[in-house]
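Structure, as C-alpha cells:
The values are calculated or read from the model by the stated rules, or taken from the named source; none is laboratory data. Just so it is clear, the model here is predicted, and its values are computed rather than measured. Counting neighbours? That spans all protein chains shown, and the Cβs are built from the backbone with ideal geometry, glycine included. Note: accessible area is taken over every heavy atom of the protein model, side chains too, but ligands, DNA and RNA are not part of it. Shrake-Rupley method; radii C 1.70, N 1.55, O 1.52, S 1.80 Å.
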Amino acid sequence: PMEITLNEVLYTLITCALMIVVRFGVQLIRTKTAEIKNAEVQQMIDNIGDIVIMVSQTFVDSLKESGNFDKEAQAKAFNMAKTTALNGMSDSMKKYIDKYCGGLDEWLRIQIEAWVKKNKIEEIAAKG
C-alpha cells in the first residue's frame, strides 16, 4: 500500500498555494499595466485637444478671417495636428493604440475630429 506522508501533503498544498499567489500576482501586474496605459491614452487624448486648439489659433483662425479656409487648408490643418500628435507619442504608445484602439491612424482621425467638433460647439455656445 502507498502511504502519503505529511511532507508530501504539505508539499502539494504549498505548491498549489504558490501557483495561486503567482497567478494572482501576474493578474495584478496586468491590471496595473492596463491602468497605466489607459491613463497614458487619456493623457494623449487631452494632449490632442491642446494640439487642435494650437493649430486652430496659429493656422486656422487667420485663414477663416481672410476667407481662405478651404478643403486644402482643412486637410493641411488636420495633418499639422496629426503630425504634432504623433511626434508627442512614444513608440510604445503608438503600438498600444494601434493594437488596442482600432489602428493608430483611425484613432487619431477620430480624436482630432472629435476635438474640432467640441471646440466648434463651445465657440458657438460662447457667442450665444
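Couple of notes before you dig in:
- Subset of Lys82/Lys118; Lys64/Lys127; Lys82/Lys127 violating a 20 Å alpha-carbon distance limit: Lys82/Lys127
- Length-normalised contact order of the chain in % [C-alpha pairs under 8 Å, at least 6 apart]: 26 percent
- Prolate/oblate/rounded call for segment 1-67, Cα gyration tensor, a/c under 1.5 rounded: prolate
- Protein accessible area in the chain, 1.4 Å probe - carbon and sulfur %: 61 percent
- Glu113 accessible area, 1.4 Å probe, all protein chains in place, Å² to nearest 10: 70 Å²
- Each residue of segment 19-33 is assigned a 3J(HN,Hα), and the resulting list reads 4, 5, 4, 5, 4, 4, x, 4, 5, 4, 4, 4, 5, 4, 4 Hz, derived from the Karplus form 6.51 cos²θ - 1.76 cosθ + 1.60 (θ = phi - 60°), x at Gly and Pro.
- Accessible surface, 1.4 Å probe, highest first, among residues Met80, Met44: Met80, Met44
- Estimated Rh, the chain: Kirkwood, alpha-carbon pairs, angstrom: 18.5 Å
- Computed from point charges on the beta carbon alone (+1 for Lys and Arg, -1 for Asp and Glu), the dipole magnitude for segment 1-123 about its Cα centre is near 140 Debye.
- Taking each DSSP H run with n ≥ 4 as -39500 (n - 2.57) and averaging over every residue of the chain yields -28500 deg cm²/dmol at 222 nm.
- Within a Gaussian network of the chain (alpha carbon springs, distance under 10 Å), most fluctuating of Val22, Val41, Val52: Val22
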